[in-house]
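Okay, structure first, notes after.
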Amino acid sequence: MQAKAYLSRQSRQGMSSVIKCITWNVNGIRTRRDRVSALLEAHQPDVVCLQEVKCTQEKYPLDSFLRSGYESAVFGQPAYNGVAILSRQRATDVATGLDDQARAIAGTVHGIRWVNVYVPNGGTVGSPKYAYKLGWLEQLEVFLMTQLALGDDLVVMGDFNVIVDNLDTAHPAAWEGSVLCDPETRMLLSRIMKRFGLVDVLRKHAPGPGVYTWWDYRTRAFGRNDGVRIDHILMTPGLAARSVNAWVDVDERGCDRPSDHAPVLARLLTNGHPAT
């Protein structure tokens, strides 16, 4: 399959102790429960942030992941949205926000503050949903300030529904004027990144072009690698300097009954020395 040519390869360099993290919009945890379990087995991550779990805490498959050795902190709602943090070490100081929609959850694992976000899509530019998206991003900036009070090391990852720049789409002209890449949305995300010094580690280690995280089901876009990159792992500078690599698990998108998103992974050293 052509899309596999764009899989970012994992680094083969030797490392001491590392932390591996994953972000993945699963598009329904009950549909993708076994795929998540397989992902945990294949990659053995320390922290996983899931978006669009689409269920309440009561219907979330907690026991399945406990059997795999992972605790879950869940902020869910029926049928829509929903975010969860899975970790081997139980997350502490768990916080949810930014409103009554289950789109953000944060917790501390291994001394790092992890913030998992599912940014609203926004519908169409100028619509009420678009206004909600802009307001949500402004609230996210405030929320991140409160999270920094709980630790200097911060990772913000999830489905941002923002194409950062034209490298992040196979066909920039096709997305021009959409809510994924309109100037105001891009400006707000850029402002957040600059304020907190957040580094896009997938861009750092897999600069592209051709590195995407979402492919439309309806147009069978995956087979043509007609994708966009809207799932991001952003780290404060000290953590980003310790990042060893980052890549997209494109093979997961080619599995049976896949999510329309592929998981994004990153590894960072725990010994405090910058990666070279």
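The values are calculated or read from the model by the stated rules, or taken from the named source; none is laboratory data. The model shown is predicted, which means the values in this text are computed figures rather than measured ones. Glycine also receives a Cβ, built like all others from the backbone with ideal geometry; neighbour counts cover every protein chain displayed. Just the protein is used for accessible areas: all its heavy atoms, side chains included, with ligands, DNA and RNA removed. Shrake-Rupley method; radii C 1.70, N 1.55, O 1.52, S 1.80 Å.
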- On a C-alpha basis, how far is the centre of the stretch 209-276 from the centre of the stretch 121-163 in Å? Whole number, if you could? 19 Å
- Stretch ASP34-GLU71 to full length: gain in nm at 0.36 nm per residue minus the Cα-Cα span? 11.7 nm
- Item | Helical contribution to [θ] at 222 nm, DSSP H n ≥ 4, -39,500 (n - 2.57), averaged over the chain, rounded to 500 | -8000 deg cm²/dmol
- Measuring from label point to label point, each 7 Å out along Cα→Cβ, what is the MET187 to ALA79 span in nm? 3.6 nm
- Computed FRET value (nearest 0.05) for ASP216 with ASP99, which takes r as the C-beta separation and R₀ as 22 Å: 0.20
- In whole percent, the fraction of accessible protein surface over the chain that belongs to carbon or sulfur atoms, probe radius 1.4 Å, stands at 51 percent
- Tell me, what is the percent relative contact order of the stretch 24-146, built from C-alpha pairs under 8 Å that lie six or more residues apart? 18 percent
- Task: Compute the length gained on full extension between LYS129 and GLN89: take 0.36 nm times their separation in residues and subtract their Cα-Cα distance, giving the result in nm to one decimal.
- Result: 10.7 nm
- Note on the structure: Taking the convex hull of the alpha-carbon atoms of the stretch 21-88 and averaging its shadow over every direction gives an area in square nanometres of 3.6 nm²
- Message: Can you compute the label reach from ASP251? Point 7 Å from Cα along the Cβ direction, backbone N cut-off under 15 Å, restricted to the stretch 38-78.
- Response: 38-45
- Could you check which residue among THR185, THR23, THR92 shows the biggest mean-square fluctuation in a GNM of the chain with a 10 Å Cα cutoff? THR92
- Message: Once you keep just the Cα pairs under 8 angstrom separated by 6 or more residues, what percentage relative contact order results for the chain?
- Response: 21 percent
- Task: Quick one: how many lysine pairs does the chain have with C-alpha atoms less than 26 Å apart and a gap of 8 or more or different chains? Give me the count, please.
- Result: 10
- Message: For Cα pairs less than 8 Å apart in space and 6+ apart in sequence, what is the mean separation divided by the residue count of the stretch 80-228, i.e. the relative contact order in percent?
- Response: 18 percent
- For the chain, return all DSSP H helices satisfying: extent of Cα atoms along own axis at least 18 Å; mean Kyte-Doolittle hydropathy at least 0.0. 128-148
- Item | Choice from HIS110, HIS171, HIS232 with maximal GNM fluctuation in the chain (Cα, 10 Å cutoff) | HIS171
- Message: Would you report the distance distribution of C-alpha pairs in the stretch 207-271 as whole percents per 10 angstrom bin, up to the bin with the largest distance?
- Response: 20, 46, 24, 11, 1
